[in-house]
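Reading through the structure tokens given below for one structure.
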Amino acid sequence: MIEAKLQVDDQIFVAEDNGKILGACMAGYDGHRGWLYSVAVYSDQRRRGIGQKLIRGAMEALQEIGCIKVNLQIRASNHEVRAFYESLGFSVEERISMGAFLE
Ligand SMILES: CC(C)(COP(=O)(O)OP(=O)(O)OC[C@H]1O[C@@H](n2cnc3c(N)ncnc32)[C@H](O)[C@@H]1OP(=O)(O)O)[C@@H](O)C(=O)NCCC(=O)NCCS
């Protein structure tokens, strides 16, 4: 996935401490909206504010390239991740998410 992402842009963010990777996320900007995805912090490093720093860093980078709104998708059953994003100011917007494979 990283190689494919780098073909498009380099919006990959990594949290590290003395060379040890603690977490990472990806972002994208399509000229209209920004997107966040593949957000994860190692399980033994959670609840230390690393996820928040990652997302804030990614949002700042999106803002710097002209993005004014960021969207993301989470599973409806994932209440913990919803609480995480709500702690960062995100709110649920009623939409139907659709997708299709390009094959
Ligand atoms: C979601 C995730 C990235 C959060 O990373 P994190 O570094 O633990 O998050 P933070 O420490 O910055 O949490 C900030 C705040 O978010 C909320 N929060 C975070 N994890 C939470 C949980 N499991 N349950 C409830 N609230 C949570 C809390 O308000 C927390 O503040 P507090 O610790 O002072 O109470 C991490 O739990 C993770 O990697 N989960 C598995 C992967 C995943 O589901 N990714 C999302 C895919 S869309």
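For region 50-102, filtered to residues that are of a type in the set (Gly, Ala, Ser) and away from the ligand (no atom under 16 Å from the Cβ), the residue that is farthest from PHE13 (Cα to Cα) is ALA100. The residue list LEU36, LEU22, LEU6 contains one member that is closer than 14 Å to PHE84 by Cβ and aliphatic (A, V, I, L, M), which is LEU36.
Of the candidates SER91, SER87, SER97, the single residue that is modelled with pLDDT under 95, among the hydroxyl-bearing types (Ser, Thr, Tyr) and loosely packed, with under 15 Cβ neighbours inside 10 Å is SER97. Could you check region 70-80 and list, in sequence order, the residues that are touching a residue at least 12 places away in the same chain (Cβ under 8 Å) and out of contact with any helix residue (DSSP H, G or I) (no Cβ under 9 Å at 6 or more places or on another chain)? Matches in region 70-80: ASN71, GLN73.
Name the single residue that is surrounded by the most Cβ atoms within 10 Å (Cβ to Cβ) among those in region 40-68 being touching a residue at least 40 places away in the same chain (Cβ under 8 Å) and touching a strand residue (DSSP E or B) at 6+ places or on another chain (Cβ under 6 Å).
This residue is ALA58.
Taken as a whole, the structure places TYR29 among residues that are in contact with a Cys (Cβ under 9 Å, 6 or more places away or on another chain), of a type in the set (Ser, Thr, Tyr) and at pLDDT 95 or above.
Can you say whether GLY23 is loosely packed, with under 10 Cβ neighbours inside 10 Å and touching a residue at least 24 places away in the same chain (Cβ under 8 Å), as far as the supplied structure shows? So GLY23 does not fit the description; no. Of everything in region 1-33 that is of a type in the set (Val, Ile, Thr) and under 19 Å from GLY51 (Cβ atoms), the residue that is nearest to the chain's Cα centre (by Cα) is ILE12.
The values are calculated or read from the model by the stated rules, or taken from the named source; none is laboratory data. What you are looking at is a predicted structure, and each value in this text was computed from that prediction instead of being measured. Neighbour counts are summed over all protein chains in view; Cβ atoms, including those assigned to glycine, are modelled from backbone coordinates with ideal geometry.
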